[in-house]
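Here's the structure, in structure tokens; my notes come after.
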Amino acid sequence: MTTTDPTEAIVLRLRAAGCVFAEDEARLLVDAARTPDDLDVMTQRRVDGEPLEVILGWAEFCGLRIAVDPGVFVPRRRTAYLVEEAVAVTAEGAVVVDLCCGTGAIGAAVASRVPGIRLYAADIEPTAVRCARRNVEPISGRVYEGDLFDALPAELRGAVGVLIVNAPYVPTDEIAMMPPEARDYEPLVALDGGFDGVEVHRRVAEHAGQWLAPGGHLLIETGESQAALTAAAMSAHGLVAHTSTSDEWYCTVAIGRRPNDCQPEG
């Protein structure tokens, strides 16, 4: 008796729903399903637009398997460039903060590449905090709940070597144009960057200098059209700022450094 491989039928359903990587997604769904009924339910969830990573319960990011819970911002592939730029300025043993951490994927990825860092992460969303703890606490990191720097322990003030931020940068009026899997399944607070997409970046830049150690770096993923505004916000508060864009990852990062000889205004 022969058994029928369900993959081809799943591929056809996913293609019809507009999934660009239908073959890869079908294989992942087939591997994850415990029963045929389970596979049918999972496939229908994907056809309905639910993010694949939420259905699977994990996302591949920078070579790591990151736990992803429903209602949490899914780490994007392009954000690997933010990790690369952060790793380049992170010394062994540095205090690293992953702010607006979502799943905690960025901090976890940096920790996997730079030995001995002291990792802290924070997010305003309770669901994200719970998810991040699953990814960060097993590698001896700590996760806090709160609004930006309000979440962090006071002893980190002036001691942070690298501050990594993937805050929302989609302008409010453009949220409606986002893919449904983001717009309908991820929290608005993780998507909405305000009228020009840079409102949260400005809030971060305003106080970052108070938390960075002398010579410490702030790195913020931003849109290519908003990069100058993000960098300007850093410069306005005493950081030495520049931007870096990767055509390979289709990602732009604004980078600010606290000067060694003075405390930036905050």
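The values are calculated or read from the model by the stated rules, or taken from the named source; none is laboratory data. Note that this is a predicted model, so its numbers are computed, not measured. Methodologically, a virtual Cβ is constructed for each residue, glycine included, from the backbone with ideal geometry; neighbour enumeration extends over all protein chains shown. For the accessible areas, the whole protein counts, side chains as well, though only heavy atoms, and no ligand, DNA or RNA atoms are used. Shrake-Rupley method; radii C 1.70, N 1.55, O 1.52, S 1.80 Å.
A count restricted to segment 40-89 and to residues that are open to solvent by 50 Å² or more (accessible area, probe 1.4 Å) and among the acidic types (Asp, Glu) stands at 5.
Quick one: count up the residues across segment 134-158 that are outside any strand (DSSP E or B), crowded, with 17+ Cβ neighbours inside 10 Å and either touching a Gly at 6+ places or on another chain (Cβ under 9 Å) or among the β-branched types (Val, Ile, Thr) (or both). Result for segment 134-158: 4. Any chance segment 196-212 includes a residue that's under 21 Å from the mean Cα position of the chain (by Cα), closer than 27 Å to Pro70 by Cα and free of Cβ contacts under 8 Å to residues at least 24 places away in the same chain? There is at least one residue in segment 196-212 that is under 21 Å from the mean Cα position of the chain (by Cα), closer than 27 Å to Pro70 by Cα and free of Cβ contacts under 8 Å to residues at least 24 places away in the same chain.
Across segment 121-164, the number of residues qualifying as farther than 14 Å from Cys100 by Cα, of a type outside the set (Val, Ile, Thr) and in contact (Cβ under 8 Å) with a residue 12 or more places away in the chain comes to 10. Within segment 176-217, the set of residues being open to solvent by 20 Å² or more (accessible area, probe 1.4 Å), of a type in the set (A, V, I, L, M), part of a helix (DSSP H, G or I) and modelled with pLDDT under 95 comprises Ala176, Met177, Leu188, Val189, Ala190. Please state which one of Asp98, Asp37, Asp5 is open to solvent by 30 Å² or more (accessible area, probe 1.4 Å), on the phi < 0 side of the Ramachandran plot and not in a loop (DSSP other than H, G, I, E, B). Matching residue, one of Asp98, Asp37, Asp5: Asp37.
Which of the residues spanning segment 101-115 are open to solvent by 20 Å² or more (accessible area, probe 1.4 Å) and not in a loop (DSSP other than H, G, I, E, B)?
Filtering segment 101-115 down to residues open to solvent by 20 Å² or more (accessible area, probe 1.4 Å) leaves 111-113, 115.
If the condition is that a residue be open to solvent by 20 Å² or more (accessible area, probe 1.4 Å) and not in a loop (DSSP other than H, G, I, E, B), then Ala111, Ser112, Arg113 are the ones that fit.
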